[in-house]
Amino acid sequence: MQSHIQSELNEAIGRIVLSGGHAVVPNVNIHFANLAYRRPWLREFFNSAPLNFCDGAGIQLAARLLGQRIVERLTYGDWFYSLAAYCQAKNFSFYFLGGQPGVAAAAADTIVARYPNLDIAGVHHGYFDKSRHSSENADVVSAINRCRPGILLVAFGMPLQEEWLAQNWEHIDACVALTGGAVFDYLSGRMRRAPAWLCRCGGEWLGRLLIEPRRLWKRYLIGNPLFLARVLRQRLGPVK
């Protein structure tokens, strides 16, 4: 069932596409906030975006501690099907960029099986030389521009996907860019999500940690407490 916030975000993205705009729509969670704390360029990337959304329960908690309220967090696992249905109805096209070879294509097949009239104009894996002036990078940008998608979904993981967009977005002929992390792994079925009940109560991070402890232990067991400490310091006064 589509939530009100999902519908609002779909419509906001739709307005950018219909107007022929050119905007990045990033998502923010604790991992992003921790990365941005040490990277001024990443803070600028986020703050300059005309639209963004919360995809972490920790950000909701931080907002409450600071006297604010974020009504709902949106994860790609919950939201993307709603966006796909909306884009199918509006005839917006996608380009999937990221993941290991074959994973973005498998994700596209999964989505099209559910939404057969959705236009996925192209796919490309994320294993190429992303250096700004490399020939492989130029080829990827050219492939995207030949398709001229309404929405480019970039899934390299943080902060690589944001860095790539910061360097290349002005040369890309697409209306909206989304930063998707591991979205193709989940859509393709390559990676399983935490149980639904755990996701609903804000514990998806714990489920991810249990599924991928070796890769994610530092992000959650060190990163989460550091983030909370900074939020509590901000409650008492400006963070130095």
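In segment 30-56, what residues are surrounded by 20 or more Cβ atoms within 10 Å (Cβ to Cβ) and not β-branched (Val, Ile, Thr)? I'd like the intermediate steps shown before the answer.
Taking segment 30-56 as the starting set, the residues that turn out to be surrounded by 20 or more Cβ atoms within 10 Å (Cβ to Cβ) are 30-33, 36, 42, 45, 53-56.
Within segment 30-56, HIS31, PHE32, ALA33, ALA36, LEU42, PHE45, PHE53, CYS54, ASP55, GLY56 qualify.
Residues that are in contact (Cβ under 8 Å) with a residue 24 or more places away in the chain, at least 2 per element: which helices (runs of 4 or more DSSP H) completely within segment 188-240 meet that? Talk me through it step by step, then tell me what you get.
Values: elements: 196-200, 204-211, 213-217, 223-236.
The helices (runs of 4 or more DSSP H) meeting that bar are 204-211, 223-236.
Yes/no matrix, rows are residues, columns are (1) of a type in the set (D, E, K, R); (2) touching a helix residue (DSSP H, G or I) at 6+ places or on another chain (Cβ under 6 Å):
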site	(1), (2)
ALA138	no, no
GLY150	no, yes
TRP169	no, no
ASP173	yes, yes
GLY180	no, yes
GLY189	no, no
ARG193	yes, yes
CYS199	no, no
ILE211	no, no
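Against the definition (modelled with pLDDT of 95 or more, within 29 Å of GLY56 (Cβ to Cβ) and small (Gly, Ala, Ser)), how does ALA182 come out, yes or no? It would help to see each step written out before you state the result.
Working: modelled with pLDDT of 95 or more: no; within 29 Å of GLY56 (Cβ to Cβ): yes; small (Gly, Ala, Ser): yes.
So ALA182 does not fit the description; no.
Considering each residue of segment 85-107, count those that are of a type in the set (Gly, Ala, Ser), surrounded by fewer than 21 Cβ atoms within 10 Å (Cβ to Cβ) and under 15 Å from LEU153 (Cα atoms), and give that number. Walk me through it before giving the result.
Here is the first cut: in segment 85-107, the ones of a type in the set (Gly, Ala, Ser) are 85, 89, 93, 98-99, 102, 104-107.
Next, only the ones that are surrounded by fewer than 21 Cβ atoms within 10 Å (Cβ to Cβ) stay: 85, 89, 93, 102, 105-106.
Next cut, under 15 Å from LEU153 (Cα atoms) only: 93, 105-106.
Final tally of qualifying residues: 3.
So in segment 108-146, with the set limited to residues that are within 30 Å of SER7 (Cβ to Cβ) and polar (S, T, N, Q), which one is surrounded by the fewest Cβ atoms within 10 Å (Cβ to Cβ)?
Only one residue tops the list, namely ASN117.
Being aromatic (Phe, Trp, Tyr), touching a strand residue (DSSP E or B) at 6+ places or on another chain (Cβ under 8 Å), crowded, with 20+ Cβ neighbours inside 10 Å and not in a loop (DSSP other than H, G, I, E, B) is the requirement here; does PHE80 meet it? Even if it seems obvious, please write down each step before you answer.
On the way: aromatic (Phe, Trp, Tyr): yes; touching a strand residue (DSSP E or B) at 6+ places or on another chain (Cβ under 8 Å): no; crowded, with 20+ Cβ neighbours inside 10 Å: yes; not in a loop (DSSP other than H, G, I, E, B): yes.
So PHE80 does not fit the description; no.
Is it the case that GLY181 is part of a loop (DSSP other than H, G, I, E, B), in contact with a strand residue (DSSP E or B) (Cβ under 7 Å, 6 or more places away or on another chain) and under 27 Å from VAL71 (Cβ atoms)?
Details: part of a loop (DSSP other than H, G, I, E, B): yes; in contact with a strand residue (DSSP E or B) (Cβ under 7 Å, 6 or more places away or on another chain): yes; under 27 Å from VAL71 (Cβ atoms): yes.
When the stated conditions are applied, GLY181 passes them.
GLN68 passes all but one of (1) farther than 24 Å from ILE144 by Cα; (2) polar (S, T, N, Q); (3) part of a helix (DSSP H, G or I); which number fails?
(3)
Being assigned by TED's automatic domain parsing to the domain that holds CYS54, within 18 Å of the chain's Cα centre (by Cα) and not in a helix (DSSP H, G or I) is the requirement here; does ILE111 meet it?
On the way: assigned by TED's automatic domain parsing to the domain that holds CYS54: yes; within 18 Å of the chain's Cα centre (by Cα): yes; not in a helix (DSSP H, G or I): no.
It is false that ILE111 is assigned by TED's automatic domain parsing to the domain that holds CYS54, within 18 Å of the chain's Cα centre (by Cα) and not in a helix (DSSP H, G or I).
Here is a list: ALA229, ALA177, ALA166, ALA155. Which entry is more than 20 Å from the chain's Cα centre (by Cα) and either among the small types (Gly, Ala, Ser) or buried (at least 18 other Cβ atoms within 10 Å of the Cβ) (or both)? Give the steps one after another, and end with the answer.
Numbers: ALA177 fails: more than 20 Å from the chain's Cα centre (by Cα); ALA166 fails: more than 20 Å from the chain's Cα centre (by Cα); ALA155 fails: more than 20 Å from the chain's Cα centre (by Cα).
Selected residue: ALA229, the only one of ALA229, ALA177, ALA166, ALA155 that is more than 20 Å from the chain's Cα centre (by Cα) and either among the small types (Gly, Ala, Ser) or buried (at least 18 other Cβ atoms within 10 Å of the Cβ) (or both).
The values are calculated or read from the model by the stated rules, or taken from the named source; none is laboratory data. None of the values given here were measured: they were computed from a predicted structure. Positions of Cβ are generated from backbone atoms using ideal geometry, with glycine treated the same way; all protein chains shown enter the neighbour counts.
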